[in-house]
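Working notes, beginning with the structure itself.
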Amino acid sequence: MSFSVPSRRVAALAVAASGLAAVLSGAFAPAATAAPTTTSAATAVVAAKSSWFVDPRTPAQRRAEVAVPRKPAAYRGRVRETRAVYRTRAGALAVPMRFAFGHQVAKGQALTLDGRGLFSGGSNTLTTPAKAQLRRLADSLANASKVRCEGYADYSGPASKARSLARSRAAKVCQRLATVNPGLRTSTVGYGSHRPAVVGGTPRQRQLNRRVVVEMTGTRPAPATPSTPTPPPVPPVPQPQVPGAPVLDHVTGVDQGVYYGFAAPTSDGGSPITGYQVDSGTGWETVQPLLGRSAATACRGACGEDLIYASLTGLTPETTVDLRVRALNGVGAGGPSNSLSATAFGRPSAPTNLTVVGDDGTLTATFGAPEHDGGSEVDSYEISYDGGEHWSSADIDSSAPYTVTKTGLDNGTTYDVRVRASNQWGSGPSASAQALVATVPGAPTLEQPELDGTSAWVVFGRPESDGGTRIISYELSTDGGETWRPFLFTDIEPFVYATTVTGLSYGESYDVQVRAFNDRGRGPASATRTITPVTVPDVPTDVVATASGSTVTIAFEAPSFDGGSEITGYQVKVDDGDWAAAVLDGNQIVLGGQTWGTHVYQVRAVNVVGASPSATSNQVVLTEPTPMAYRSEYYYSGGQVWTYVYYRTVPGALRYEAQLDGGEWLPISVEADWVSEQRGRVDDPVCGATACTGDRTIRVRAVTAAGPGNPGNSLPVTYYILG
């Protein structure tokens, strides 16, 4: 369906045999017609079926029809006709009302009365031109006994209101027909907005939805055919002349042209009018009268009873033309009509200064009003996000520059945004701009860095989302996001990167974070990973070893630096032996059971990283202790034998042993312990309960942690045998 102004070369000219042009319209438009020839009802039905009662649309227009949608308001885009155009509710053909003028309507035939100019405003009040049209329609229903009026409405308002208004308007039409055609029975129904003839566009462009369809449902009996009277004498035929001058009724500016309407001359000069010519200041040219809906558009709801409508198109917007018309018959051109002026209008130019900014799932378009409104005020704007494939109304502010925001878009997509302005003549050219919908990247993934002295090996992964545009690079922070710096990194796996952070200080904690950025900005930081560089402690100092018997005491000073981590202990090594954990006694290490000889000791500190360098003590000489026996006594009494020995003690001894006459070493039971001397008893397993005789000797040795020491001097044993 098209609502564009037709070309002045395209509209068809229909001229009746009587010489009056019959301009028929799908809209509510008048046309000049000859008085119908009186025929019988049956003859009228045949004539109607074979001539005037036909679908006015072209095959291409019918192919362009769309199915009646269940939800008309959901349809968007340009105006489209549905399969309800020129149809009754039951689907029967309903031709434009003007087609019936001069003909008789037959039973089962229906007529469509367009809503434009039929009623006043949004009411059910018939206009004066509408009443005149219905009066003429009643002539075409002279043989009707019953009609049915179906009311329809547009879907731009509430459904209940549309249904009520449609029914009341249908009732008004039927009531008017019954008034001017007494005896006509009527029925009324209102279908509201459920069967629109037109979808899409604006409510103003959907006037055809506000229609009333009149269907003839009953026929009156045909009147008796009167006898043919004797014709009167034929008067002499006068000589034909050129036709009289038409009367130019109005000229109206439209989109790139003008519409005009004029009345036929009151006299055809005695010869049928064959056409009309128009002069706009460039010479006379043939008038192409507008038919159907084009004529209705030309009269714009104020159609006169007997006017002919035509147009001049292809004019530059805001061009003013002076028009006059004249009639033609077989004799020639008649006199010109009166002259009227009008200015051609146009559509707006493209909106100005269009800028489009993309954000997170959002586009914001800003634009100014067009430089030219085409001679008619801009009444709306439309915006498209797919290069003009689909358009939607732009919800704008009250004054320029206008801003329109669209949400719910896909990040990473570049949209072709177009904006156009509309006035009463339609939409003008669009302004266009492209913009990428994107946001900042997501947060990278960060693993726990690995320390190597004052360096850290940092591994991180690419964010799950790049925000819709390429990630440019990354930034690093070692102070929990207080400061950031760019850095170089390497690929170690697909979308996994690594870098080395140097210049760290031992013992200082660092909160490491990484973030990505693209051309939209910097994204959020990764999780925080805390690192503290540590190393082994410094070497202990002032290591001094002191021996006492088989015990060595090692004194030292702790390291001046613990490596950044608390010292957890110390280790000691004797000569070339193995390192062993040391037990501290204050700030010194005490080692018992050391072997006799010369030794050196090494000490090192330990923390979570490991052991420090070692410090070596002075040489320590451990002399083997030798106890000195200075008295011995041998007792035998009553069958019991025992030996006492007196000896001087040595440091580090754990116990003492004695050897009698070079035999085995026997334990000494200490019976008296003085400051540096002891007396012990030795049980002699050789003598047993029998006294030994002869010279005997005894030696004493000390047993330390290092084992038995060297034996002391050999001492004779003094015998005391008691009776």
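Across region 290-323, the qualifying residues are those that are closer than 15 Å to residue 251 by Cβ, in contact with a Pro (Cβ under 9 Å, 6 or more places away or on another chain) and surrounded by fewer than 22 Cβ atoms within 10 Å (Cβ to Cβ), and the one among them that is modelled with the lowest pLDDT is 302. In this entry, residue 351 passes the filter for residues that are more than 30 Å from residue 135 (Cβ to Cβ), modelled with pLDDT of 90 or more and either buried (at least 22 other Cβ atoms within 10 Å of the Cβ) or of a type in the set (Lys, Arg) (or both). In region 446-458, the condition of being in a loop (DSSP other than H, G, I, E, B) and polar (S, T, N, Q) is met by at least one residue. Take residue 117 and decide whether it is part of a loop (DSSP other than H, G, I, E, B) and touching a Cys at 6+ places or on another chain (Cβ under 9 Å). In short, yes. Residue selection: residue 369 satisfies the criterion of being within 32 Å of the chain's Cα centre (by Cα) and at pLDDT 90 or above. Residues in region 134-154 that are out of contact with any helix residue (DSSP H, G or I) (no Cβ under 7 Å at 6 or more places or on another chain) and in a helix (DSSP H, G or I) were compared, and the one that is nearest to residue 85 (Cα to Cα) is 136. Residue under question is residue 438, and the condition is that it be surrounded by 18 or more Cβ atoms within 10 Å (Cβ to Cβ) and among the aliphatic types (A, V, I, L, M); does it hold? Judged against the criteria, residue 438 is a match. How many residues are under 24 Å from residue 426 (Cβ atoms), part of a strand (DSSP E or B) and of a type in the set (Gly, Ala, Ser) if we restrict to region 188-209? Total satisfying the criteria: 0. Go through region 111-157 and give me each residue that's within 21 Å of residue 55 (Cα to Cα), under 58 Å from the mean Cα position of the chain (by Cα) and hydroxyl-bearing (Ser, Thr, Tyr). Residues satisfying the conditions are 112, 152.
Note on region 48-65: residues that are surrounded by 14 or more Cβ atoms within 10 Å (Cβ to Cβ) and closer than 21 Å to residue 207 by Cβ amount to 5. Would it be correct to say that residue 173 is within 17 Å of residue 98 (Cβ to Cβ), modelled with pLDDT of 90 or more and in contact with a strand residue (DSSP E or B) (Cβ under 8 Å, 6 or more places away or on another chain)? So residue 173 passes the test. Residues in region 418-426 include none that are hydrophobic (A, V, I, L, M, F, W, C), in contact with a Leu (Cβ under 9 Å, 6 or more places away or on another chain), more than 24 Å from residue 347 (Cβ to Cβ) and in the same structural domain as residue 358 (by TED's automatic domain parsing).
Considering region 494-532, the residues that are in a strand (DSSP E or B) and of a type in the set (A, V, I, L, M, F, W, C) include one that is farthest from residue 609 (Cα to Cα), namely 517. Looking at region 410-435, which of its residues are within 30 Å of residue 471 (Cβ to Cβ) and surrounded by fewer than 19 Cβ atoms within 10 Å (Cβ to Cβ)? 410, 412, 413, 414, 416, 432, 433, 434, listed by residue number.
Each row is one residue, and each column tells you yes or no for (1) more than 18 Å from residue 195 (Cα to Cα); (2) not small (Gly, Ala, Ser).
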position	(1), (2)
76	no, yes
80	no, yes
87	no, yes
95	no, yes
104	yes, yes
108	yes, no
111	no, yes
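The residue pairs whose first member lies in region 574-598 and is closer than 19 Å to residue 623 by Cβ, whose second member is among the acidic types (Asp, Glu) and part of a loop (DSSP other than H, G, I, E, B), and whose beta carbons are closer than 8 Å, counting only pairs six or more residues apart or on different chains, are 596/624.
For region 412-439, the set of residues classified as under 12 Å from residue 365 (Cβ atoms) and of a type in the set (Phe, Trp, Tyr) consists of 415 only. Does region 126-140 contain any residue that is among the small types (Gly, Ala, Ser), in contact (Cβ under 8 Å) with a residue 40 or more places away in the chain, buried (at least 16 other Cβ atoms within 10 Å of the Cβ) and closer than 16 Å to residue 209 by Cβ? Within region 126-140 (the criterion being among the small types (Gly, Ala, Ser), in contact (Cβ under 8 Å) with a residue 40 or more places away in the chain, buried (at least 16 other Cβ atoms within 10 Å of the Cβ) and closer than 16 Å to residue 209 by Cβ), the answer is no, since none of the residues qualifies.
Number of residues in region 262-279 that are more than 30 Å from residue 113 (Cβ to Cβ), in contact with a Leu (Cβ under 7 Å, 6 or more places away or on another chain) and surrounded by fewer than 17 Cβ atoms within 10 Å (Cβ to Cβ): the value is 1.
The residues on offer are 543, 459, 514, and the sole one that is more than 21 Å from residue 441 (Cα to Cα) and in contact (Cβ under 8 Å) with a residue 12 or more places away in the chain is 543.
Residues considered: 536, 501. Of these, the only one that is buried (at least 19 other Cβ atoms within 10 Å of the Cβ), within 30 Å of residue 570 (Cβ to Cβ) and either at pLDDT below 95 or not assigned by TED's automatic domain parsing to the domain that holds residue 411 (or both) is 536. If you go through region 625-633 one residue at a time, do you hit one that is under 21 Å from residue 716 (Cα atoms), in contact (Cβ under 8 Å) with a residue 40 or more places away in the chain, of a type in the set (S, T, N, Q) and surrounded by 17 or more Cβ atoms within 10 Å (Cβ to Cβ)? Yes, that holds for at least one residue.
Of these, 624, 633, which one is in a loop (DSSP other than H, G, I, E, B), among the acidic types (Asp, Glu) and at pLDDT below 90?
624
The values are calculated or read from the model by the stated rules, or taken from the named source; none is laboratory data. Everything numeric here is computed off the predicted structure, so don't read it as measured data. Cβ atoms come from the backbone with ideal geometry, glycine included; neighbour counts cover every protein chain shown.
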